[in-house]
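The structure under discussion appears below in the form of structure tokens.
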Amino acid sequence: MYRRIMVAFNGGEASERALLEAIGIAKHSQAHVWVTFVLDESKVYSFPVAHRNELIAAGGRMLEHAQLRLQQAGVELWSELVFG
């Protein structure tokens, strides 16, 4: 039985499928889902500030989308925008 499930989410088709799979597993095992969006720190800081801020905002929007899907499914969640 799972207690925690981690999903790396970027809004792409594969991450959407992974999120749906995590929702299904979490509902059956009453697990929490931890959704992360990882920004490559070496690339983020090589862009001008305006573009960097847009990348960070886009990551936040991806997490909001995943959060909404999990909330609609009634699944407990954590989310985090990670710089790595």
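Observations on the model:
- 3J(HN,Hα) along segment 49-60: 3, 4, 5, 4, 5, 5, 5, 5, 5, 5, x, x Hz, from the Karplus curve 6.51 cos²θ - 1.76 cosθ + 1.60 with θ = phi - 60°, whole Hz, x for Gly and Pro.
- Base-10 log of normalised Debye intensity for segment 1-70 (one unit scatterer per alpha-carbon) at q = 0.23, 0.26 Å⁻¹: -0.94, -1.09
- Inter-site label distance for LEU55 and GLU80 at 7 Å from Cα along Cβ, in nm: 2.0 nm
- For the chain, the longest site-free run once chymotrypsin sites (Phe, Trp or Tyr not before Pro) in DSSP loop states with at most 14 other Cβ atoms within 10 Å are removed: 3-44
Only the coordinates and a few stated rules stand behind these numbers; no lab work does. Predicted model only: the values in this text are computed from it and were never measured. Virtual Cβ from ideal backbone geometry, glycine too; neighbours counted across all protein chains shown.
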